[in-house]
Amino acid sequence: MSLLTRVLKFRSAGKAGPAGVEPEEAPGVRPRLFWSLWPRSDRDAGDAVTSNFLLHWFPAKVSKSSMAWSYSFWLGTITAALFLLLTLSGLPLLFLYVPSVERAYQSVKDIEYVITFGRWLRAVHRVAAHAMVITVVLHLARVFFTGAYKNGIARNQQRQWNWVIGVVMLLLTLFLSFTGYLLPWDQLAFWAVTVGTNIASAIPGIGPTVRELLIGGRAIEQATLIRFYVLHIFFLPAGVGVLFAYHMWRVRKDGGLARADREEIAETPRDVAASPTKTYTLLGVARGTSPTVTARSLEAPGTSVNAVPDLMRRAMIATLGTIAVISILSVFIASPLEEPANALITPNPAKAPWYFLWLQEIVTDTTIHLGSFTINGAFIGGVVLPGLLIGLLTVWPWIDKSPRQVTGDWFPRERRTQNLVFIAVLVGILLLTYIGMELRGPYWEWFWPWEAWPTVPGRI
Ligand code: HEM
């Protein structure tokens, strides 16, 4: 049977009867390519997952407590929804944006002022990008507070590696946002990227080479724009996409979210009633019937639900809700577009993108002149400190020796100290970011919110 005949057959098998009444169930499996949200039995619910191309990466059953909004706040799914929205809104922008220093600014101006819905499209892309930076950090914090990088009782769990993959995805997300920052090629973009990449040159010895590699020369110009563009539209999103698929595969291999282990640890195995035969299908392409199956389960009755429709429904709410909120917010949030980039006029102050401002603040605070001797703040704040933080974050699952019984619990007593230290670091970063955003004015002087900034010329 040709693929087309198969697809048409699946579609007609999936059609609802008159007035919402489902058609008589045919014996055996009813494979569908896209949709199967209203199962009428456990068997139908299982088939919905195994016979559906889009749903087959879900398990057939999921523990109720790991699905609770108050456990994960669905922050990982919300981050993934933002990534999807960024891809969807980025595609039309690809047709309109021109990655050349002569035309980039004008093409963004056209998107903003000439193209129908262009202003909204640009705002959606921009708001979603900033939101993704926030939600990925919140997701990381949630995973940390629940100790969800630790293994539970099941065999072959490797949650610590999913945490490491997560750290890489966090860095890719930041770099994805940073490379996008340059593309409008206005003063804001140009100088934020100048400040950001200058930090890289503080690495002793190899710093200037690293910066040259990053920007494709000594100055930010065409080579930088094309480098950032290609990274932004292909390599970094592809990296996030591939790692995300692996991230999800690992969650599945590790037996679901860490919270699920908490339930299973408490239970003793029980016999599951034998089913006379089991019909199986693989993505709706191959099917067959296996002999009688008996099984034992660690799962207490009533602790789990079918992935379709329960997990599916929540995933849809989180995904569509995220897309709706960002789309509505973007109607009201204007995207900045300053004067075209000018390497000869430095805005005063020149600030890094907001998520790197805490580093810029540390760089300033640790640059100390003692007579002819200068303590290199860029090295301390821009290289040593973030390097230590990322290194520590990466190996944390192997350092944390808290008992595995509290894995998947929010703020257990056994993890109090490390959770408090984590909160202190997070609050410190937030505070420094706020200072950099709101309290630093010309020449990086301190200004209270009620103080007016003096008028200073851009530095030439
Ligand atoms: C692009 C960035 C990321 C995406 C799209 C993403 C997506 C997800 C999703 C959808 C889940 C399922 C649970 C949930 O919705 O919360 C999850 C779980 C998980 N993520 Fe992420 N994630 C990202 C970054 C990270 C980061 C930065 C870390 C940590 C460094 C991390 C570590 C984990 C771990 C350990 C789990 C399993 C949690 C558990 O068992 O409770 N992820 N991720």
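Distance from the Cα centroid of the range 58-77 to that of the range 369-397 is 38 Å (rounded to whole angstrom). Surface composition of the range 59-170: carbon plus sulfur atoms contribute 68% of the solvent-accessible area (1.4 Å probe, protein chains only, all chains present). Between residue 405 and residue 222, the C-beta separation translates, for a Förster distance of 56 Å, into a calculated FRET efficiency of about 0.45. Expressed per residue, the C-alpha convex hull volume of the range 350-460 stands at 160 Å³. A full extension of the chain between residue 385 and residue 238 corresponds to an added length of 50.1 nm, given 0.36 nm per residue minus the alpha carbon distance.
Just the protein heavy atoms count here, and of the accessible area of the range 318-405 at 1.4 Å, carbon and sulfur take up 74 percent.
With 21 Å as the limit on Cα-Cα distance, the pairs of 253/401; 61/253; 64/401 that go past it are 253/401; 64/401.
Solvent-accessible surface of the range 367-432, averaged per residue with a 1.4 angstrom probe and all protein chains in place: 63 square angstrom. On a per residue basis, the range 166-239 carries 40 Å² of accessible surface, using protein heavy atoms and a 1.4 Å probe.
For the range 316-418, the relative contact order comes to 13 percent (Cα pairs under 8 Å, sequence separation of at least 6).
Stretching residue 53 away from residue 165 to a fully extended chain increases their span by 37.8 nm, per 0.36 nm per residue minus the current alpha-carbon distance.
Distance between the 7 Å Cα→Cβ label points at residue 110 and residue 95: 1.3 nm. For residue 186, nonlocal amide neighbours, meaning residues 5 or more places apart or on other chains whose placed amide H falls under 5 Å from its own, are 341.
The values are calculated or read from the model by the stated rules, or taken from the named source; none is laboratory data. Quick caveat: nothing in here was measured; it's all calculated off a predicted structure. Because the Cβ atoms are built from the backbone with ideal geometry, glycine has one as well, and the counts that use them run over all protein chains shown. Areas reflect the complete protein model, heavy atoms only, side chains present, ligands, DNA and RNA absent. Shrake-Rupley method; radii C 1.70, N 1.55, O 1.52, S 1.80 Å.
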